[in-house]
There are 2 protein chains.
Amino acid sequence: MAGKKVLIIYAHQEPRSFNGSLKKVAVDELHKQGCTVTVSDLYAMDFEPRATRKDITGPLSNPKFFSYGVEAYEAFKKRSLTSDILDEQKKVQEADLVIFQFPLYWFSVPAILKGWMDRVLCQGFAFDIPGFYDSGFLKDKLALLSITTGGTAEMYAKTGVSGDFKYFLWPLQHGALHFCGFKVLAPQISFAPEFASEEERKAMVASWAQRLKTIWKEDPIPCTPSWYFGQ
Amino acid sequence: MAGKKVLIIYAHQEPRSFNGSLKKVAVDELHKQGCTVTVSDLYAMDFEPRATRKDITGPLSNPKFFSYGVEAYEAFKKRSLTSDILDEQKKVQEADLVIFQFPLYWFSVPAILKGWMDRVLCQGFAFDIPGFYDSGFLKDKLALLSITTGGTAEMYAKTGVSGDFKYFLWPLQHGALHFCGFKVLAPQISFAPEFASEEERKAMVASWAQRLKTIWKEDPIPCTPSWYFGQ
């Protein structure tokens, strides 16, 4: 939709990968709609995943006992977080929709993207206590996970060896995104592109592009355990 | 138990932290039993979390299209993985029990520990296709997550705002550890030490030390969705 701002957090090493294709069609389709699109290409940026003392540029609030959460919160308030974190926070702040494009590593995000979550979504910026879940600070924004898997859809069926794919979404969508207030759109899951034919891969890319045409009309998913676990 | 080998993967920045105390009592108690204990102190090692081209020291099997999973698998077979990965694999190979000691970040492990999982537990070393879940290559080993949380036990009750704590264990214990064949012992969860009194914190540390006294008699938990989701 014209005027909307989209941030794509992209975590794949190879530009010509299937993840790269999904990122590219998203950029193209959203541009076509008149959206402003920003991409954080984490590997190309060599994004730092480790949450350490280096993230705080000024003096520590307690130099004798380092608590990352406490220090990041204080540094956020004093604007003394390191610039790569501030840059990402600015991009998030401006976005109406944040799309995470990544291959599933161990039922979760690759470490480089986990580091983005650990460091960018700090207390004071994304949430406070109180000020989380429905009152998280990013509550006027949408988020969407676009994931490629190694395992097939059959493996990720409720009775499959890897269990329902919704099970692994819980920590990411509820524990991280919903905690920060994000309204979460249904995930886009491209199962096992490595085992698919060229034609099937093209169809998966096309269906993502097609979905994005009407993405602004979608309702968020319910943020309840029952969506995930059917209870 | 005398003669047993334990590897502790430890992910906290501050040696005097509560996580540091839990690590320390584990080392002390296991030494007392006559175990050999190795600690990978990930922040002190400045462990690399990013899965990149740099992990492969020799020529790539496909220099025109970088697939991390494929290249890591080939490099494992040719012994051309980078030395920090080989070092960790050697420690895992020798261990009877691997304990992961970390604070919960976004319902999961900190990025530095996620990177350890992404890079160390590669195909060929920890699993193959076929050769995963019950036939994963680490099937003669035990694993145990010792986790500290920010949220309270009430928040992590089934009807709490953060849902049952077992929900967030699924990707880690089933998707990563069980996939590699590990027999998973019950997690040690220390809820909200930051909000606890000094006395309560001491009791939590003591109960961990106490549990370790009989750890070798414990049976693994069942690796089924019903343990996690009660279905």
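So the values come out like this:
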| item | result |
| --- | --- |
| Kirkwood-based Rg to Rh ratio, the stretch B:20-134, C-alpha trace | 1.01 |
| Descending principal axes extents, the stretch B:122-178, alpha-carbon based, whole Å | 40, 18, 16 |
| Interface size B-A, as summed buried accessible area [1.4 Å probe, Å², nearest 100] | 4300 |
| Evaluated over the stretch A:5-229, the Cα radius of gyration and Dmax, each in Å | 17.9, 59 |
| Quarter of Cα convex hull surface for the stretch B:49-113, i.e. mean projection, nm² | 5.5 |
| Spread of Cα-to-Cα distances over 10 Å intervals beginning at zero, given as percent, for the stretch B:113-208 | 15, 37, 28, 17, 3 |
| Rounded FRET efficiency, nearest 0.05, which uses the C-beta distance separating B:Glu198 from B:Ala153 and R0 of 22 Å | 0.75 |
| The protein assembly as shown - share of DSSP beta bridges that are antiparallel (%, nearest 5) | 10 |
| Other-copy label distances relative to B:Pro130, 7 angstrom Cα-Cβ extension, nm | 5.5 |
| Amide proton proximity set for B:Ala196, modelled H, under 5 Å, gap of 5+ | none |
| Nm distances between copies for B:Trp216, ranked from closest, using label points 7 Å along Cα→Cβ | 6.6 |
| Residue-averaged [θ]222 nm for the protein assembly as shown, counting only DSSP H segments that reach four residues, each worth -39500 (n - 2.57) | -9500 deg cm²/dmol |
| Gap separating the Cα centres of the stretch B:150-182 and the stretch A:68-115, nearest whole Å | 23 |
| Solvent-accessible area, 1.4 Å probe, carbon plus sulfur percent, for the stretch A:5-229 | 55 |
| Column: log10 I(q)/I(0), Debye, Cα scatterers of the stretch A:1-66, q = 0.21 Å⁻¹ | -0.86 |
| Projected-area mean, the protein assembly as shown, by convex hull of Cα positions, square nanometres | 21.1 |
| Label geometry 7 Å along the beta-carbon vector: A:Glu154 inter-copy distances in nm | 4.8 |
| Two-site FRET efficiency, B:Asp134 against B:Lys32, from Cβ-Cβ distance with R₀ of 41 Å, rounded to 0.05 | 0.80 |
| Rounded to 5, the percent of DSSP beta bridges in the stretch B:5-229 classed as antiparallel | 10 |
| Virtual spin-label span in nm between A:Gln210 and B:Met1, 7 Å along Cα→Cβ | 5.7 |
| Those residues of the stretch A:113-127 for which accessible area with every protein chain present is at least 30 Å² below the isolated value (1.4 Å probe) | A:Lys114, A:Asp118 |
| The stretch B:142-211: relative contact order in percent, alpha carbon pairs under 8 Å with at least 6 residues between | 44 |
| Accessible surface, the stretch B:5-229, averaged per residue in Å² (probe 1.4 Å) | 40 |
| Given A:Lys183/B:Lys158; A:Lys139/B:Lys158; A:Lys23/A:Lys77; A:Lys24/A:Lys78; B:Lys23/B:Lys166, the pairs whose alpha carbons are separated by over 28 Å | A:Lys23/A:Lys77; A:Lys24/A:Lys78 |
| Diffusion coefficient, µm² s⁻¹, Stokes-Einstein with Kirkwood Rh over alpha-carbon pairs of the stretch A:34-77 at 20 °C and 1.002 mPa s | 169 |
| Per-residue ³J(HN,Hα) for the stretch A:162-170, Karplus 6.51 cos²θ - 1.76 cosθ + 1.60, θ = phi - 60°, Hz, x for Gly and Pro | 9, x, 3, 4, 5, 4, 7, 6, 3 |
| Alpha-carbon spread of the stretch B:170-231, three principal axes, descending order, Å | 38, 26, 21 |
| Distance from the stretch B:187-212 to the stretch A:1-41 (C-alpha centre basis), Å | 45 |
| Estimated vicinal HN-Hα couplings, Hz - the stretch B:9-19 in sequence order (Karplus 6.51, -1.76, 1.60; Gly, Pro = x) | 9, 10, 10, 9, 6, 10, x, 8, 6, 4, 4 |
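The values are calculated or read from the model by the stated rules, or taken from the named source; none is laboratory data. Keep in mind it's a predicted model, so treat the numbers as computed, not measured. All Cβ positions, even for glycine, are placed from backbone atoms using ideal geometry, and neighbour counts span all protein chains on display. With ligands, DNA and RNA removed, areas are computed over all heavy atoms of the protein, side chains included. Shrake-Rupley method; radii C 1.70, N 1.55, O 1.52, S 1.80 Å.
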